[in-house]
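Quick notes on the structure that follows.
Throughout, read-outs are computed from the coordinates displayed, never taken from laboratory work. What you are looking at is a predicted structure, and each value in this text was computed from that prediction instead of being measured. Neighbour counts run over all protein chains shown; Cβ positions are idealised from the backbone, glycine included.
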């Protein structure tokens, strides 16, 4: 005659057997093998695509992530004509991504992928290179650091395009502005990532009054897709990406050759732009086969 205790015990045995499998030993997921080689960076246009796509690609050999850094593209530096000051602006799609960090950002971070926020000009005259004072640069740096803290991001990327310096009565680029900004941001974020999209007036103004901010960056990359160009910043090769490709927009042969050059010349970063929601594993394999000796796998 079965008692409740015996039924519970029987169920426990069945459950244990299911977990252990027919061999009587626990079935574990295959261990992910750490990859070696340059890190790969993926910019995502969140106006059209989800950040979660970055986490869908792994290496067929070993299961490691294809991408190590994901960049939210992009928040803006805007200009308040009343207060005559720059401020951080998140368009609705960027804000939605941040507000939904639990589904858009945390899953990537749980996989070991760093998530950064890119900051871009917005045709209003405000840029990284024309803060009128150190205090103004510091105030914007504080806005950036507060955003990183609020949404638990891994860093900030500077992209000095589309500022249209001079609009709304703003000043032209000056020598001190970007140095003040990067110095303040590094002080606020001593353990976070700061990267430079190597373009615009700010990128050529990294030294002021004997102070250089080159070493305050973790990474810098070439902004011209389908080309090779070493960023003009004093960082070790491990922090530089002379290669830049647009996924699906740069020829596969070019993506392959740029990967080969990255590896043969000892650079530590491979930059990609515009990862979308389409299965791109065949294209992505054109550079992962070279960089990591493995094709890429896509999982929905």
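Could you tell me the extents of region 229-286's C-alpha atoms along the three principal axes, largest first, rounded to whole Å?
37, 19, 14 Å, listed from the longest principal axis down.
I want to verify a result. In a Gaussian network model of the chain, Cα cutoff 10 Å, which of these has the top mean-square fluctuation: 246, 265, 104?
Highest fluctuation of the listed residues: 265.
Compute the acute angle (0 to 90°) between the alpha-carbon long axis of helix 177-188 and the principal axis of greatest extent of the alpha-carbon atoms of the chain; round to the nearest 10°.
Value to nearest ten degrees: 40.
At 222 nm, what value in deg cm²/dmol follows for the chain if DSSP H runs of at least 4 each add -39500 (n - 2.57) and the sum is divided by all its residues, to the nearest 500? Please list the in-between numbers first.
Numbers: 9 runs with 93 residues, N = 300.
Result for the chain, helices only: -9000 deg cm²/dmol.
Fully extended, how many nm does the chain gain between residue 139 and residue 164 (0.36 nm per residue separation, minus their Cα-Cα distance)? Let's see the in-between values first.
Values: separation 25, 0.36 × 25 = 9.00 nm, distance 2.08 nm.
Contour length minus the Cα-Cα distance gives 6.9 nm.
Just to verify a number: FRET efficiency for residue 299 and residue 110, C-beta to C-beta distance, R0 = 22 Å, to 0.05? List each step's numbers first, then the result.
On the way: r = 15 Å, r/R0 = 0.68.
Efficiency, from the Cβ-Cβ distance: 0.90.
Which parts of region 45-70 would a label at residue 96 reach, counting a residue when its backbone N lies under 12 Å from a point 7 Å out along Cα-to-Cβ?
Within reach of a label on residue 96, which here means backbone N under 12 Å from a point 7 Å along Cα→Cβ, region 45-70 contributes 46-51.
Once label points are set 7 Å from the Cα along Cα→Cβ at both residue 230 and residue 45, what is their separation, rounded to one decimal in nm?
3.2 nm
Out of the DSSP beta bridges found with both residues in region 116-221, what percent are antiparallel (nearest 5)?
Numbers: 2 of 15 bridges.
Approximately 15 percent, going by the DSSP bridge assignments.
For the chain, give me the percentage of DSSP beta bridges that are antiparallel, rounded to the nearest 5 percent. Please list the in-between numbers first.
Numbers: 13 of 48 bridges.
Bridges in the chain that DSSP calls antiparallel: roughly 25 percent.
With a Cα-only, solvent-free Debye model of region 23-114, what are the log10 I(q)/I(0) values at q = 0.15, 0.17, 0.19, 0.21 Å⁻¹?
-0.69, -0.81, -0.91, -1.01
Region 194-210 to region 123-163: how many Å between their Cα centroids?
Rounded to whole Å, the Cα centres lie 13 Å apart.
Could you please tell me the mean projected area of the C-alpha convex hull for region 76-207, averaged over all directions and given in square nanometres to one decimal? Before the final figure, lay out each step's value.
Working: hull surface 30.9 nm².
Computed as one quarter of the Cα hull surface, the answer is 7.7 nm².
Take the chain, connect every pair of alpha-carbon atoms lying under 10 Å apart with a spring to form a Gaussian network, then pick out the residue of 259, 129, 139 with the largest mean-square fluctuation.
So, out of 259, 129, 139, the one fluctuating most is 139.
Calculate how large, on average over all directions, the projected area of the Cα convex hull of region 75-119 is; give the answer in nm² to one decimal.
Details: hull surface 14.1 nm².
Projected area, direction-averaged: 3.5 nm².
Please give the contour-minus-distance gain from residue 85 to residue 146: 0.36 nm per residue of separation, less the Cα-Cα distance, rounded to one decimal in nm.
Values: separation 61, 0.36 × 61 = 21.96 nm, distance 1.73 nm.
Between residue 85 and residue 146, full extension yields 20.2 nm more.
In nm, give the distance between the simple-model label positions of residue 251 and residue 175, each being 7 Å from the Cα along the Cα-to-Cβ direction.
4.4 nm
Between residue 237 and residue 209, what length comes free when the chain is fully extended (0.36 nm per residue of separation minus the Cα-Cα distance, one decimal in nm)? Write out the running numbers ahead of the final one.
Numbers: separation 28, 0.36 × 28 = 10.08 nm, distance 2.62 nm.
Extra length available between residue 237 and residue 209 comes to 7.5 nm.
With springs only between Cα atoms under 10 Å apart, run a GNM on the chain and tell me which of 252, 288, 82 wobbles the most.
Maximum fluctuation in the GNM of the chain, among the listed residues, is at 82.
What whole-number volume per residue, in cubic angstrom, does the convex hull of the C-alpha atoms of region 162-228 give? List each step's numbers first, then the result.
Values: hull volume 7.5 nm³, N = 67.
That works out to 112 Å³ per residue.
Mind pulling the angle between the C-alpha long axis of helix 4-20 and the longest principal axis of the chain? Nearest 10 degrees, somewhere in 0 to 90.
Once rounded, one gets 60 degrees.
Using the Kirkwood formula over every pair of different C-alpha atoms, what hydrodynamic radius in Å results for the chain?
Numbers: mean 1/r = 0.0479 Å⁻¹.
Here the Kirkwood hydrodynamic radius works out to 20.9 Å.
Which whole-number percent is the relative contact order of the chain (Cα, under 8 Å, 6+ apart)? Provide the component values of the computation, followed by the final result.
On the way: 636 pairs, mean separation 54.8, N = 300.
So the answer I get is 18 percent.
Which angle from 0 to 90°, rounded to the nearest 10, does the C-alpha axis of helix 252-264 make with the longest principal axis of the chain?
Relative to the chain, helix 252-264 is tipped by roughly 80 degrees.
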